[in-house]
Amino acid sequence: MKQSARILSLIVTAPITALVVLFAVSNLDPVTLRLRPFPFDMTIRIWALTLIELFVGFILGAIVTWIGDRKRRRDSRRRTGELEQGLAVARQQVAELEKKISELRSQPAALVAA
C-alpha cells in the first residue's frame, strides 16, 4: 500500500515539477508589484514570484489539512491511551501469573525435600 502511494505521488509530482521548471526558465523578465494603499513598489522576476506563490499555497494547504485532521488525531490519542491502559493491566496480570507459576514450581520441590 505504501509503495503504491509513493508511485502515485511521483506520477502526480513529476509533471508538476517539470511544468514549474519550464515556466521558471521561460519567464525571466522582471515585474513590478504594487500594493495600492501603501507606497510600496517591488521589482521581482516572474519565476521567483511564481515559486513564492506556490510555496505559500503549499504551506496554507498543509495548515488547512492539519487543522481539518485534528479530530482524527484526537481520536487516535484517546485510543492510544486506552490501549496503553489495557497493556498496563495485561502486564500486571502476566506478572501476577508468573509469580503464581514460580510459587507452584517451588512447592513440589519443598514437598520432595520434606
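The values are calculated or read from the model by the stated rules, or taken from the named source; none is laboratory data. Model, not experiment: these values are computed from the prediction. Don't worry about glycine lacking a Cβ; one is built from the backbone with ideal geometry, like all the others, and counts go over all protein chains shown.
The rows are residues; the columns are (1) outside any loop (DSSP other than H, G, I, E, B); (2) assigned by TED's automatic domain parsing to the domain that holds residue 16; (3) at pLDDT 90 or above; (4) among the aromatic types (Phe, Trp, Tyr).
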{"position": "28", "(1), (2), (3), (4)": "no, yes, no, no"}
{"position": "33", "(1), (2), (3), (4)": "yes, yes, no, no"}
{"position": "38", "(1), (2), (3), (4)": "no, yes, no, yes"}
{"position": "42", "(1), (2), (3), (4)": "yes, yes, no, no"}
{"position": "51", "(1), (2), (3), (4)": "yes, yes, no, no"}
{"position": "80", "(1), (2), (3), (4)": "yes, no, yes, no"}
{"position": "83", "(1), (2), (3), (4)": "yes, no, yes, no"}
{"position": "87", "(1), (2), (3), (4)": "yes, no, yes, no"}
Would you say residue 69 is in contact with a helix residue (DSSP H, G or I) (Cβ under 8 Å, 6 or more places away or on another chain) and at pLDDT 85 or above? no
